[in-house]
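Shown next, in structure tokens, is the structure this report addresses.
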Amino acid sequence: MQIKVLGSAAGGGFPQWNCNCKNCQGVRNGTMKTSRRTQSSIAISDNGKDWVLCNVSPDICHQLLASPELNNPDVLRGTGIGAIILTDSQIDHSAGLLNLREGCPHHVWCTHEVHQDLTTGFPVFTMLSHWNGGLIHHKIVPEESFSVSVCQSLRFTAIPLLSNAPPYSQYRNRPLPGHNVALFVEDGNSGKSLLYAPGLGEPDSALMPWLQKADCLLIDGTLWRDNELAATGVGQNTGKDMGHLALAEEQGLAALLAGLPAERKILIHINNTNPILDEESAERQSLTREGIEVSWDGMLIEV
């Protein structure tokens, strides 16, 4: 199984277009050892030719142009993407569907709750129905495995996460189990597995067996500390408000990951304020000592 990290940042990217925090200034003026990042999205393949797109960033067009392996030179119009899976209905994971309108119809797998958000508060399914058939919805039932039209050796299972619904959703601060899911992906050829959870708010007893089982973890690394936005002066929301578990709290994600048996533990969906973006920071070095990696745009992971 091949996993291509198309975008590794949280909403707004890095540097964020309107932000002058220490990190964003550092990447702009070249005083920080780091790299620019687009908003979170990955692609998965079992053969290196056909791909499943997981989440569709607003930056998707730039990401595809930077990923020649996802191109399909055998057709006049088209790509190697044969299916799309959404883990939630957040803007930074779904707005890119609008940018793919020239390639409609697209087959999109998501839960009932995500589909409901994307036909009401942010009605992208309705909007794109005017483009050559638009988006064809395939319902994901949490904890029931499914396959998609391409990459037949891959089996997907959606695991409900304790997180939050998008700010535009009528279910904000009272999410249902299908509003946020992790994807457990098993490769029938190699027997290896991936757990992809870019919106992890709080690990619970239902998620822990999947975290223990996966060979590779690609996990939410949004914030270093829960009050990071306030501490850097760029906002008031905490990580918990937004549905993200901070890395460095006493019961934080870094401590959890350090104790898990996965061969690789990789962070994705990293906010522009997070000090781990600085490759020379103490926070980044502490992750390295624990064997925790920080993803970057273009990173190729083989499981």
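The values are calculated or read from the model by the stated rules, or taken from the named source; none is laboratory data. Remember, it's a predicted structure, so these values are computed and weren't measured experimentally. We place every Cβ from the backbone using ideal geometry, glycine too, and count neighbours over all the protein chains shown. Heavy atoms of the whole protein, side chains included, go into the accessibility calculation; ligands, DNA and RNA do not. Shrake-Rupley method; radii C 1.70, N 1.55, O 1.52, S 1.80 Å.
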Identify, please: which residue in segment 60-74 is under 17 Å from G48 (Cβ atoms) and not small (G, A, S) and is, among those, nearest to the chain's Cα centre (by Cα)? L64
Residue hits (segment 153-162; closer than 26 Å to K49 by Cβ, open to solvent by less than 30 Å² (accessible area, probe 1.4 Å) and not in a loop (DSSP other than H, G, I, E, B)) are L154, F156, T157, A158
Residues of segment 270-303 that turn out to be open to solvent by 50 Å² or more (accessible area, probe 1.4 Å), under 18 Å from M32 (Cα atoms) and either touching a residue at least 24 places away in the same chain (Cβ under 8 Å) or in a strand (DSSP E or B) (or both), as a count: 4
Kindly provide the set of residues from segment 56-81 that are touching a residue at least 40 places away in the same chain (Cβ under 8 Å), open to solvent by less than 70 Å² (accessible area, probe 1.4 Å) and not in a helix (DSSP H, G or I), ordered by number. V56, S57, P58, D59, S67
Kindly evaluate N20 against the criterion of being free of Cβ contacts under 8 Å to residues at least 12 places away in the same chain, closer than 28 Å to R284 by Cβ, out of contact with any Asp or Glu (no Cβ under 8 Å at 6 or more places or on another chain) and surrounded by fewer than 19 Cβ atoms within 10 Å (Cβ to Cβ). yes
Residues located in segment 109-152, provided they are under 16 Å from A182 (Cα atoms), among the β-branched types (V, I, T) and either without any contact (Cβ under 8 Å) to a residue 40 or more places away in the chain or surrounded by fewer than 16 Cβ atoms within 10 Å (Cβ to Cβ) (or both): V141
Hits in segment 172-189 (condition: open to solvent by 40 Å² or more (accessible area, probe 1.4 Å) and either at positive phi or not in a strand (DSSP E or B) (or both)): R172, N173, R174, P175, L176, P177, G188, N189
Determine if segment 245-260 includes at least one residue that is more than 17 Å from the chain's Cα centre (by Cα), closer than 22 Å to P142 by Cβ and in a helix (DSSP H, G or I). yes
Scan segment 89-98 and tell me whether some residue there is hydroxyl-bearing (S, T, Y) and over 25 Å from A10 (Cα atoms). no
If you go through D278, D297, D241, the only one that is farther than 24 Å from H179 by Cα, among the acidic types (D, E) and under 19 Å from the mean Cα position of the chain (by Cα) is D297
Candidate set from segment 190-200 (those that are part of a loop (DSSP other than H, G, I, E, B) and more than 13 Å from the chain's Cα centre (by Cα)); member that is farthest from L253 (Cα to Cα): S190
For D92, state whether it is closer than 15 Å to V181 by Cβ, touching a strand residue (DSSP E or B) at 6+ places or on another chain (Cβ under 9 Å) and in contact (Cβ under 8 Å) with a residue 12 or more places away in the chain. no
Could you list all residues from segment 23-55 that are farther than 22 Å from A230 by Cβ, free of Cβ contacts under 8 Å to residues at least 24 places away in the same chain and polar (S, T, N, Q)? N29, T31
Residue check, D204 against (1) open to solvent by less than 60 Å² (accessible area, probe 1.4 Å); (2) outside any loop (DSSP other than H, G, I, E, B), all met but one. Which one? (2)
Inside segment 82-93, can you point out the residues that are crowded, with 24+ Cβ neighbours inside 10 Å and part of a helix (DSSP H, G or I)? D92, H93
Restricting the first residue to segment 236-250 and requiring it to be in contact (Cβ under 8 Å) with a residue 12 or more places away in the chain and under 20 Å from S281 (Cα atoms), which pairs with a second residue that is assigned to a loop (DSSP other than H, G, I, E, B) and of a type in the set (F, W, Y) meet a Cβ separation below 6 Å and a spacing of at least six or different chains? L247/W224; A248/W224
Might you check whether a residue that is among the hydrophobic types (A, V, I, L, M, F, W, C) and in a helix (DSSP H, G or I) occurs anywhere in segment 217-228? no
